[in-house]
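The values are calculated or read from the model by the stated rules, or taken from the named source; none is laboratory data. What you are looking at is a predicted structure, and each value in this text was computed from that prediction instead of being measured. Every residue, glycine as well, gets a Cβ built from its backbone with ideal geometry; the counts of neighbours run over all protein chains shown. The accessibility values were calculated without ligands, DNA or RNA, using every heavy atom of the protein model including side chains. Shrake-Rupley method; radii C 1.70, N 1.55, O 1.52, S 1.80 Å.
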Amino acid sequence: MPRLLTALALLLLAALPARAQPVLNIYNWSDYIDPYVVQRFTAETGIRVRYDVFDSLETLEGKLSAGRSGYDLIVPTSEPTFARLVRAGALRPLDRARIPNWRNLDPALMARAASVDPDNRHGAIYLWGTVGMGIRPDRVRAAAPDAPMDTLALLLDPRNAQRLSRCGIQVMDSATDVIPSVLRHLGLDPNTQSQDDLRAAERALLAIRPHVRAILPSGSVLDALATGDVCLALTYSGDVIQASARAREAGRGVEIAYVAPAAGAQLWFDMLAIPADAPNPEAAQAFIDFVLRPEVMAAITSHVRYPNAVPASRPMVAEAVRNDPSVYPTDAALAGSFVAGTPSQQVERLRTRIWSRFKAGR
Ligand code: N2P
């Protein structure tokens, strides 16, 4: 009899139209997960995953501001995007009883995210990192032997940019994740409200614009680095380290290094969060719980080369990644880093204008 019931149940399942199967709609950054993790989640839970990607906060915010995104799980950076969503009531409070692996999260890291989300009610840290330069050390040394390799002067000093323009410079297309580093390099407050400060950042960007080959979405910058098409790129830490690994595997002699600006790198935290109007929040919570397992997080970090917030995953991370100081910044590097805040609308408008001028070159 039990066997007959099982057979009946299977028949019934097979007869159900595909759309009755639970589906989890994820909107994550590109190159930001081990695809096997998604497969394993589906195999364990029976929840099918529809997985879309974005490669800048501007794109994510654009998609969400239209409303009814249809996504169950999104991965906004704690500041400014996640902070704004929390403030707008656009996120669903998480039910921790459904996320037992929450206990694996590093309390010190989570405390940093709590500054914009009291008690961490709406998000768990997924991965984190910095903004810095991907360089081809041999090409850079050949083109600009006297240029410092560990500061943003390599990019922002027009003489250096000019010398490196021939081997190729790219900058990721994100005002939000580039302008704060430019301000910091100029010795200004990365979160400044001052028009004069922002104008100084604009001048610095316009001065190097003729030497910048392209301003592209971060995913394309990763590809260009990996193939050796550029010798200098400003982008996210793990993207550079992924590009470096890909280049090594390709075996064509392309060497790439990640350099966090010595004067202090922008540090960011990406949050797992559920939109208030998510069609399937239960599935999203199940997924959050799944990725917070130490061995699952270890697989993700090993694959994408960004650190996570689950300390128990560390011993399981692939050795080459675990011991790479550019993946896990040293305490000294962290001490000098800064976190971008959430600019006012007025500052945001100004930054957007600066960015379009930078892109247009005037
Ligand atoms: C992944 C980009 C990292 C996210 N390709 C930056 N917050």
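A few notes on this one:
- Residue check, LEU154 assigned by TED's automatic domain parsing to the domain that holds ILE256, of a type in the set (A, V, I, L, M) and open to solvent by less than 10 Å² (accessible area, probe 1.4 Å): yes
- Matching entry among GLY238, GLY228 (being open to solvent by 10 Å² or more (accessible area, probe 1.4 Å) and either within 13 Å of the ligand (Cβ to nearest atom) or more than 22 Å from ARG362 (Cα to Cα) (or both)): GLY228
- The residue pairs whose first member lies in region 313-326 and is open to solvent by 90 Å² or more (accessible area, probe 1.4 Å), whose second member is modelled with pLDDT of 95 or more, and whose beta carbons are closer than 6 Å, counting only pairs six or more residues apart or on different chains, are MET316/GLU295; MET316/ALA298.
- Residues that are in a helix (DSSP H, G or I) and at positive phi within region 74-124 comprise ASP119, ASN120, listed in sequence order.
- Residue within region 274-297 that is within 22 Å of the chain's Cα centre (by Cα), farther than 24 Å from LEU60 by Cβ and either in a helix (DSSP H, G or I) or outside the structural domain of SER56 (by TED's automatic domain parsing) (or both) present: yes
- Just one of the listed residues (ASP138, ASP177, ASP189) is open to solvent by 50 Å² or more (accessible area, probe 1.4 Å) and within 21 Å of SER326 (Cβ to Cβ), and it is ASP138.
- Restricting attention to region 48-73 and to residues that are more than 12 Å from the ligand (Cβ to nearest atom) and open to solvent by less than 20 Å² (accessible area, probe 1.4 Å), the residue that is nearest to the chain's Cα centre (by Cα) turns out to be LEU73.
- Criterion applied to ALA214, ALA245 was being modelled with pLDDT of 95 or more, surrounded by fewer than 24 Cβ atoms within 10 Å (Cβ to Cβ), under 18 Å from the mean Cα position of the chain (by Cα) and not polar (S, T, N, Q), and the one residue passing it is ALA245.
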